[in-house]
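One structure is given here, and the rest of the page talks about it.
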Amino acid sequence: MTENEYTQAVEWLYAQAPRWESAGKGAYKPGLQNIARLCDFFGNPQKTLRCIHIAGTNGKGSVSSMTASVLQEAGYRAGLYTSPHILDFTERIKVNGQNASRDFVFSFIQRLKEIPQDIRPSFFEFTTVMAFEYFQQQQVDFAVIEVGLGGRLDATNILSPVLTAITSVALDHQDVLGDTVEGIAAEKAGIIKEGIPVVSGEENPTVQEIVRNIAAEKKAEFIDATKISTDLSTDLSGNYQKKNIRVAVAIAEELRRQNVRIPGSALRTGLGNVQRNTGLLGRWYEFSRDPLTICDTGHNLAGLTEVFSQLNEMPQRKHIILGFVNDKKIDEVLQMLPENAEYYFAKPYVARGRNPQEYEHQLKKTGIPYKIFEKVQDAYLSAKETLTPGEMIFVGGSNFIVGEFLQNNLQV
């Protein structure tokens, strides 16, 4: 297989099934009928896996990576399935921190071309069954599976896990999941299975009660991670990771109750080496120290509130590069912008990316100093030219802004 053949195969996959990243709601196929038929076509590899299933509005990717890192440090072969990718498609599927091989991806895509035409899976359904197959082939001890969107109707919900977790619930993707936090909570809690314990990291009492009640209906033990007190830390340095650590610790403690051997040293080391063990990018990621440049993929109001709060705690004058997709409520984001900053707005490279010129009338009302760019790289180069010693750069607002920035600048 040549590099060109691999690229063509992945482009074929994109073309056959629109991605959420590109098409938004049009790429979402709720329900489990498609994924069930697709898994059946491949011999139901998911039935051979010992899975930990993790949902949430924010934090699910970090908690999934923390959990995989802890299991790896405990001596297990840990599969990790997350989305979206930042640099390369193969990031979505990892075993002990190593991306799925391109040879596997290429050969699996050839098999995808043989499926019955009436199944017509979404891109996420394709990648989900690909992950199940890879983890089966790699004979993982555990597969940590991050929910794509929602929970109840997400393709990953075909699993029969040993443990589920819900990190947090907030407004996001309302066009698909509903307009209320309560409704979204019910969707997330749709991953709870009969008799299978669920860890909850939600602090909102109303939302927590919804998850608790659904767990009771399913006779699933409800484990409240917010009650955990721990001195453990992680190399993921965002302030919001303190909440995620508690969920990861609760997951480890429940696995121990299921007779999974996880020494205290593995828990501490696993949490302390998440980036090294899993390659996770984009969570308060320090791209450089001179000038200090931070990237964060937080993109909904709850996530941006956490990120902007941490930025406001930093004394440096900031050069903030932001971009958004079409479903974000720009007016609400603009009310939260950190002070003591200059702003650079760019359009994410995906089809759903929103051109800043469309909301420039809102920018003018804020009175902030800003510039508009066609590409994030142009914004970054302008910020580097403008800043003075002791100032910093932040890149965020969208997974795709961060992804494009790192693709252009990260040496891999």
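Observations
- Sequence-distant residues sharing a close amide H with Thr293 (under 5 Å, placed H): Phe287, Ser288, Ile393
- Close Lys pairs in the stretch 1-157 (alpha-carbon distance under 21 Å; sequence gap of 8 or more, or different chains): 5.
- Beta bridges per DSSP with both ends in the chain, % antiparallel, nearest 5: 20
- Simple spin-label estimate for Lys219 and Gln139 gives 3.6 nm between the two label positions (7 Å along the Cα-to-Cβ direction from each Cα).
- Other-chain or far-sequence residues with amide H under 5 Å of Ile320's (modelled H): Glu342, Tyr343, Tyr344, Phe394
- For Lys318, the lysines whose Cα falls under 27 Å of its own Cα, not counting residues fewer than eight places away in the same chain, are Lys242, Lys243, Lys328, Lys329, Lys347, Lys364, Lys365, Lys371, Lys375, Lys384.
- Inter-centroid distance (Cα atoms) of the stretch 271-309 relative to the stretch 184-234, Å: 25
- Residue among Gly396, Gly43, Gly151 with the largest mean-square fluctuation in a Gaussian network model of the chain, springs linking Cα atoms under 10 Å: Gly43
- With protein chains left intact and a 1.4 Å probe, residues in the chain average 41 Å² of accessible area per residue.
- The chain: most fluctuating residue of Thr234, Thr386, Thr57 per GNM, C-alpha cutoff 10 Å: Thr386
- Annotation: Leu87 carries an accessible surface of approximately 50 Å², with a 1.4 Å probe and no ligand, DNA or RNA atoms counted.
- Within the accessible area of the chain (1.4 Å probe), percent carbon and sulfur: 45
- Ranking of Lys227, Lys375, Lys193 by solvent-accessible surface, largest first: Lys227, Lys375, Lys193 (1.4 Å probe, protein heavy atoms only, all chains present).
- Contact order, relative form, for the stretch 3-278: 25 percent (alpha carbon pairs under 8 Å, 6 or more residues apart, mean separation divided by residue count).
- Added length on full extension, which subtracts the Cα-Cα distance from 0.36 nm per residue, Glu360 to Asn259: 30.7 nm
- The stretch 285-409 shape via C-alpha gyration tensor axes, a/c threshold 1.5: rounded
- With only Cα atoms counted, the stretch 113-207 has Rg and Dmax values of 15.2, 48 Å.
- Potential lengthening between Gln407 and Thr226 on full extension [0.36 nm per residue; Cα-Cα distance subtracted]: 61.6 nm
- Distance-filtered residues of the stretch 103-129 - backbone nitrogen under 14 Å, label point 7 angstrom along Glu11 Cα→Cβ: none
- Probe 1.4 Å - accessible area at Glu217, Å² to nearest ten: 130
- Rounded to the nearest whole Hz, the Karplus-based 3J(HN,Hα) values (6.51 cos²θ - 1.76 cosθ + 1.60, θ = phi - 60°) of the stretch 342-347 follow the sequence 10, 10, 9, 10, 9, 8, with x at glycine and proline.
The values are calculated or read from the model by the stated rules, or taken from the named source; none is laboratory data. Given the structure is predicted, the values throughout are model-derived calculations rather than measurements. All Cβ positions, even for glycine, are placed from backbone atoms using ideal geometry, and neighbour counts span all protein chains on display. These accessible areas exclude ligands, DNA and RNA; they are computed on the full protein's heavy atoms, side chains included. Shrake-Rupley method; radii C 1.70, N 1.55, O 1.52, S 1.80 Å.
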